[in-house]
Amino acid sequence: MAKPADPSSVANADVFEPTHYHCDFDIVFEEKRVSGTERLTVKKRVEHEANELVLDSHDIDVKQILVDDDGIPLKFDIRPFTKYGSALHISLPESLRRRDELTLVITFVAGSGNAFDWLKKEQTAGKKLPYLYTQGQSVLNRTFFPCFDSPAVKSTWSATVKIAAEFNVVMSASHWTPSVKLPDGRLEYRFDMKISVPVYLVALAAGDIVSAPIGPRSRVWTEPCMLDKAQNEFDGVTEEYIKTGERLFGPYVWDRYDLLVMPPSFPYGGMENPCLTFVTPTLLVGDRSLTDVVMHEISHSWFGNLVTNGSWSEFYLNEGFTMYAQRRICTELLGKDYTCLEAATGIALLKRDLEHLEPNLTRLRVILSPDVDPDDTYCETPYEKGFCFVSYLRSLTDSDETFDAFLRAYVQKFQYKSVLSDDLFKFFFEYFPHLKGVESTEGFEFSRWLDTPGSPPYYPDLSAGESLTKPAEKLAAYWLGKLPEEEKPDVGALEKWPTYQKLHFLDQLLVEVSVPAQTLATLATTYPFISGTHNAEIRLRWSQITIKGNYTDDFFNVKAFLLSQGKQKYTIPIYRELVNGSAEAKKLALEAYEETKNLIHAQVRERIERLLDDMKK
Ligand code: BES
Ligand code: ZN
């Protein structure tokens with residue numbers, strides 16, 4: 001099968017495809033080192049001879065490469081590719097060039113690349129043991145082991161992990177074998193992923209990690225001090241979400257679904273590592289109000305992990321479809337009104353993002369070249385403009401149920417494969433032949449959706465959420481002095497509102513250029529449960545509002561929030577407000593950065609540095 005070109009990968013996946021990776025890892029915390037031996041089996045895709053195998057490999061010290069069956073050492077060299085990747089060229093001697101299948105054994109040392117986040121014990125919740133986790137998406141796993149680091153290339157994998165006995169190790173694999181004690185007292189774990197996946201979905205975590213059951217096929221893993229809270233947050237609901245997903249989109253093929261609650265510096269809300277979603281500890285609010293992140297990651301079990309975007313340029317095929325699926329699950333379980341409210345907060349995020357994104361990043365099909373790190377294109381566009389596009393496709397059909405059935409068929413057709421928009425469209429018109437032609441409806445051309453920068457041409461109808469959104473909008477209008485006194489709403493009602501209704505209220509304040517500091521002071525005393533909240537979504541918006549209004553009395557709170565967690569979607573928007581804010585705000589940005597730069601994820605650090613550099617110019 002031909003493989004589409006992927007600008008972000010240098011591996012010669014047009015010539016070879018991997019059929020299995022087996023890695024033996026040895027983790028040494030003291031040296032932040034992961035020694036590895038990788039047995040990589042590849043098949044030739046072409047008839048002609050192949051002189052070399054090229055793999056993605058970055059910040060890895062490759063020691064030796066042998067041909068598995070006869071132990072012949074192969075010549076190799078590492079050449080520059082981009083700032084986030086290098087090319088490992090392995091020459092194949094005459095005798096191997098015609099082989100249809102080949103197994104190589106690569107010995108290497110890794111640990112310094114961006115896939116690895118090494119945490120000192122002080123950076124963990126329990127402060128007992130250091131912690132290591134890996135993050136592969138989008139193009140970081142080329143620093144974990146040499147590979148075909150393209151979302152268009154899938155294979156099975158397995159691994160063993162040797163580590164000191166006090167650590168527990170977990171991986172995103174379908175089969176876990178209990179650890180065995182080695183003669184030197186250390187432990188060896190074994191993991192097998194029997195379902196073909198792209199390399200970005202291989203993930204590992206090691207630390208003081210324990211688990212508790214949260215459903216018939218699910219456990220939650222985390223540090224001991226967070227275990228009870230984690231179990232309470234996710235027990236029962238996880239299975240409801242999976243079952244609803246199965247009813248809507250087809251069988252859950254991954255067998256288990258576990259959650260790993262990460263240390264606070266984890267840069268994402270969630271990461272859909274198969275069989276083992278990684279989530280931020282900021283989800284542990286005690287009232288399950290942020291479990292939509294779990295609905296989202298579960299939805300990737302169909303969209304992303306089973307049917308995968310063939311290039312990071314079309315990331316909406318993962319995230320836009322997943323937002324749509326997440327909101328379908330939410331509608332089934334929590335109702336249309338609540339789901340429309342939640343979607344309104346998503347659209348608000350998109351509108352705020354569109355204000356400062358460069359045009360290329362507002363396209364659903366981002367123009368990518370090797371110079372552009374796909375992770376630098378991370379923004380709301382693939383999520384929420386993607387959601388608008390999928391909702392638009394839904395609007396062309398006669399009901400949610402009809403479109404659910406299409407999505408089931410789409411998953412069935414492309415499962416275990418990667419797709420591009422053209423595959424989607426071709427299948428869409430095979431499934432709905434009577435819709436042929438809609439791709440060129442004026443103003444809504446599919447090509448415009450994908451390739452024209454700017455706002456989506458269509459927004460879904462969220463009026464079913466008005467019983468929740470209108471009161472929040474009215475209350476905001478009151479505080480902004482836009483309502484006549486006789487229409488004064490019940491100011492105290494907000495306290496009892498669900499989290500997302502509070503967010504919608506705050507979003508109305510956030511669209512203002514700024515809310516006067518005096519008004520913010522009154523708001524803070526009227527709603528101490530907003531200004532003093534531990535709910536990170538509320539805290540994000542309150543922080544942005546206080547910075548925009550230069551309400552300096554609360555700046556300590558902004559800093560405390562930045563110190564308490566390192567999620568990218570919270571950290572970057574706050575720094576963006578700070579660097580565009582008052583002199584005090586700018587000072588706060590520099591101070592917070594100094595205090596957190598050694599605690600946060602390398603990629604988040606790089607993005608903050610770029611914002612601070614612009615500020616200093
Ligand atoms: N796959 C993403 C996280 C990601 C994106 C990691 C790009 C690396 C590069 C994950 O599924 C996600 O979208 N998480 C969101 C959850 C939200 C939309 C409910 C997050 O982190 O906020
Ligand atoms: Zn996602």
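The values are calculated or read from the model by the stated rules, or taken from the named source; none is laboratory data. In this text, all values refer to a predicted model and were calculated from it rather than measured experimentally. Because the Cβ atoms are built from the backbone with ideal geometry, glycine has one as well, and the counts that use them run over all protein chains shown. Protein only, heavy atoms only, side chains kept; ligands, DNA and RNA dropped before computing areas. Shrake-Rupley method; radii C 1.70, N 1.55, O 1.52, S 1.80 Å.
For segment 290-298, the criterion of being surrounded by fewer than 24 Cβ atoms within 10 Å (Cβ to Cβ) and more than 11 Å from ligand 2 (Cβ to nearest atom) is met by at least one residue. Considered as a group, the residues in segment 316-339 that are out of contact with any Lys or Arg (no Cβ under 9 Å at 6 or more places or on another chain) and more than 21 Å from residue 246 (Cα to Cα) include one that is nearest to ligand 1 (Cβ to nearest atom), and that residue is 338. State whether one or more residues within segment 572-593 are open to solvent by less than 20 Å² (accessible area, probe 1.4 Å), within 16 Å of ligand 1 (Cβ to nearest atom) and not β-branched (Val, Ile, Thr). No, the conditions are met nowhere in segment 572-593.
Looking at the structure I just gave you, is residue 315 open to solvent by less than 10 Å² (accessible area, probe 1.4 Å), outside the structural domain of residue 114 (by TED's automatic domain parsing) and within 13 Å of ligand 2 (Cβ to nearest atom)? Spell out the reasoning first.
Numbers: open to solvent by less than 10 Å² (accessible area, probe 1.4 Å): no; outside the structural domain of residue 114 (by TED's automatic domain parsing): yes; within 13 Å of ligand 2 (Cβ to nearest atom): yes.
For residue 315, the condition - open to solvent by less than 10 Å² (accessible area, probe 1.4 Å), outside the structural domain of residue 114 (by TED's automatic domain parsing) and within 13 Å of ligand 2 (Cβ to nearest atom) - is not met.
Residues that are more than 12 Å from the chain's Cα centre (by Cα) and not acidic (Asp, Glu) were ranked within segment 306-315; the one that is nearest to ligand 1 (Cβ to nearest atom) is 312. If you check 455, 467 for being in a helix (DSSP H, G or I), open to solvent by 50 Å² or more (accessible area, probe 1.4 Å) and at pLDDT 95 or above, only one passes: 467. When the criteria are applied in full, residue 270 meets the requirement of being farther than 25 Å from residue 425 by Cβ and without any contact (Cβ under 8 Å) to a residue 40 or more places away in the chain.
Residue count for segment 473-524 satisfying the condition of being under 36 Å from the mean Cα position of the chain (by Cα), among the aromatic types (Phe, Trp, Tyr) and part of a helix (DSSP H, G or I): 3.
Among the conditions (1) outside any loop (DSSP other than H, G, I, E, B); (2) away from ligand 1 (no atom under 14 Å from the Cβ), residue 259 misses just one, which is (2). Would you check if there is a residue in segment 89-101 being open to solvent by less than 30 Å² (accessible area, probe 1.4 Å), in contact with a helix residue (DSSP H, G or I) (Cβ under 9 Å, 6 or more places away or on another chain) and modelled with pLDDT of 95 or more? No, segment 89-101 contains no residue that is open to solvent by less than 30 Å² (accessible area, probe 1.4 Å), in contact with a helix residue (DSSP H, G or I) (Cβ under 9 Å, 6 or more places away or on another chain) and modelled with pLDDT of 95 or more.
Residues of segment 289-305 being charged (D, E, K, R) and either assigned by TED's automatic domain parsing to the domain that holds residue 196 or more than 9 Å from ligand 1 (Cβ to nearest atom) (or both), which ones? Give the derivation first.
Step one: of segment 289-305, the residues charged (D, E, K, R) are 292, 297.
Selection gives nothing.
Every condition in (1) more than 27 Å from residue 198 (Cα to Cα); (2) under 29 Å from the mean Cα position of the chain (by Cα) holds for residue 421 except the one numbered (1). When 368, 357, 349 are checked against the criterion of being aliphatic (A, V, I, L, M), within 14 Å of ligand 2 (Cβ to nearest atom) and within 22 Å of residue 568 (Cβ to Cβ), 349 stands alone in meeting it.
Go through segment 410-427 and count every residue that is farther than 17 Å from residue 250 by Cβ and open to solvent by less than 50 Å² (accessible area, probe 1.4 Å).
As a first pass, look at segment 410-427 and keep what is farther than 17 Å from residue 250 by Cβ: 418, 420-423, 425-426.
Going one step further and asking which of them are open to solvent by less than 50 Å² (accessible area, probe 1.4 Å), we end up with 418, 420-421, 425.
Counting residues in segment 410-427 that are farther than 17 Å from residue 250 by Cβ and open to solvent by less than 50 Å² (accessible area, probe 1.4 Å) gives 4.
What do you reckon, is residue 337 within 15 Å of ligand 2 (Cβ to nearest atom), open to solvent by 10 Å² or more (accessible area, probe 1.4 Å), outside the structural domain of residue 140 (by TED's automatic domain parsing) and over 23 Å from residue 140 (Cβ atoms)? Judged against the criteria, residue 337 is not a match.
Would you confirm whether or not segment 274-288 contains a residue that is among the hydrophobic types (A, V, I, L, M, F, W, C), within 11 Å of ligand 1 (Cβ to nearest atom), in a helix (DSSP H, G or I) and within 17 Å of residue 202 (Cα to Cα)? Working first, answer last.
Our first condition is that a residue be among the hydrophobic types (A, V, I, L, M, F, W, C); within segment 274-288, this holds for 275-276, 278-279, 283-285.
Checking the rest, the ones that are also within 11 Å of ligand 1 (Cβ to nearest atom) come to 278-279, 283.
In the following step, the residues that additionally are in a helix (DSSP H, G or I) were identified as 283.
Remaining after also requiring within 17 Å of residue 202 (Cα to Cα): none.
No; the residues of segment 274-288 include none that is among the hydrophobic types (A, V, I, L, M, F, W, C), within 11 Å of ligand 1 (Cβ to nearest atom), in a helix (DSSP H, G or I) and within 17 Å of residue 202 (Cα to Cα).
State yes or no: is residue 404 open to solvent by less than 30 Å² (accessible area, probe 1.4 Å) and either more than 16 Å from ligand 1 (Cβ to nearest atom) or on the phi > 0 side of the Ramachandran plot (or both)? Can you show your working first?
Values: open to solvent by less than 30 Å² (accessible area, probe 1.4 Å): yes; either more than 16 Å from ligand 1 (Cβ to nearest atom) or on the phi > 0 side of the Ramachandran plot (or both): yes.
Yes: the conditions hold for residue 404.
What are the residues in segment 325-367 that are touching an Asp or Glu at 6+ places or on another chain (Cβ under 9 Å) and part of a loop (DSSP other than H, G, I, E, B), if any? Scanning segment 325-367 gives 357, 363, 364, 365, 366, 367. Taking segment 126-227 and the strands (runs of 3 or more DSSP E) fully enclosed by it, the elements with 2 or more residues that are basic (Lys, Arg) are at 154-163, 187-198. Does residue 567 satisfy being within 16 Å of ligand 2 (Cβ to nearest atom) and at negative phi? Judged against the criteria, residue 567 is a match.
When segment 517-557 is filtered for residues that are touching a residue at least 60 places away in the same chain (Cβ under 8 Å), crowded, with 16+ Cβ neighbours inside 10 Å and not polar (S, T, N, Q), the ones remaining, listed by number, are 536, 537. In segment 259-280 there is no residue that is surrounded by fewer than 20 Cβ atoms within 10 Å (Cβ to Cβ) and charged (D, E, K, R).
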